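The values are calculated or read from the model by the stated rules, or taken from the named source; none is laboratory data. Small disclaimer: the values here were computed from a predicted structure and weren't measured. Ideal geometry is used to build each Cβ from the backbone, glycine not excepted, and the neighbour counts take in all protein chains shown. Accessible surface areas use protein heavy atoms only, side chains included; no ligands, DNA or RNA. Shrake-Rupley method; radii C 1.70, N 1.55, O 1.52, S 1.80 Å.
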Amino acid sequence: MADTMHLVSFHPPHVQLKSQILKLTPFFNAVVVYFAFVHNPKGELWTTVLKCLPIVMLMLYVVAKGFALTTAYRYSQRILLGLICSCIGDALLNINLFLHGMGAFAIGHIWYISAFGWKPLKLPVGVALYICLVVVISVVLNRLDAVLAIGVPLYAALLTTTCWRALACALHDSSCLNTLCAAGAVLFLLSDLIIGITMFFVTVPFSRLIIMSTYYTAQFAIAFSTAKDLPKFRKLAESGKPSHKGQGGVKTIKD
């Protein structure tokens, strides 16, 4: 029997990622609506709704992209819980309940840390981040009242740990999704750092725009990383890049 060559198409990783990004269109629309209509929020119900809407869209993405209450989707489950806590925190901060909002975000970071896990440890990364944390807290501590003097360092430690664990995952496996998630965690830290500078030191020009844009980008990156729970991404991670011959996005199979 003569040998024949068949061309079988496959979807490379960047095509799969693009298909997931398209599912996030409601999130991008919600962010545009927020920045278009919310300029000086003062705790109104409608500004609270618009502030929370992008995070709600990310929550819907985590579920709609593929989700189940099984161990295979444990990462997505924990990120979803972190997003829910973040959404509650957004609402509380918008109505000037700062301590309550910070508490909700703190619980959210615990879920994020749980999702990222502790292996590999990458201890030098954590040590470097905690040294920076100690320096920042030592500078700001005398500007905090009794309650904030406890709450802010605790929250900052959780936020720093979130950043550490996300970076550790990316350093161990530098896939697109892990790298994006790590960048998101760094942006989350940057966003909250600007909040701290504005609250306790000087007003940063365009602070709300910078804070909210970095915050939404951070949450997008973290939520988007749940795509790695999908079977096609898990198989790709387990097997590495698919080997193929030929060009133009096809591989050849010899009968």
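Residue-by-condition table, conditions (1) touching a Leu at 6+ places or on another chain (Cβ under 6 Å); (2) at pLDDT 95 or above; (3) open to solvent by 30 Å² or more (accessible area, probe 1.4 Å):
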residue	(1), (2), (3)
S114	no, yes, yes
Y130	no, yes, yes
V134	no, yes, yes
L141	no, no, yes
C163	yes, yes, no
C176	no, no, yes
M212	no, yes, no
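For R234, the criteria (1) under 21 Å from the mean Cα position of the chain (by Cα); (2) modelled with pLDDT of 95 or more hold in every case but one, which is (2).
Pairs are defined by a Cβ separation below 7 Å, a sequence spacing of at least 6 or placement on different chains, a first member in region 45-62 that is closer than 16 Å to I211 by Cα and without any contact (Cβ under 8 Å) to a residue 40 or more places away in the chain, and a second member that is open to solvent by less than 10 Å² (accessible area, probe 1.4 Å) and not in a helix (DSSP H, G or I); the pairs so defined are L50/V38.
Every test in (1) open to solvent by 50 Å² or more (accessible area, probe 1.4 Å); (2) within 17 Å of the chain's Cα centre (by Cα); (3) of a type in the set (K, R) is passed by K51 save one, and that test is (1). Determine whether region 189-206 contains at least one residue that is modelled with pLDDT under 95, open to solvent by 50 Å² or more (accessible area, probe 1.4 Å) and under 19 Å from A106 (Cβ atoms). Yes: region 189-206 contains one or more residues that are modelled with pLDDT under 95, open to solvent by 50 Å² or more (accessible area, probe 1.4 Å) and under 19 Å from A106 (Cβ atoms).
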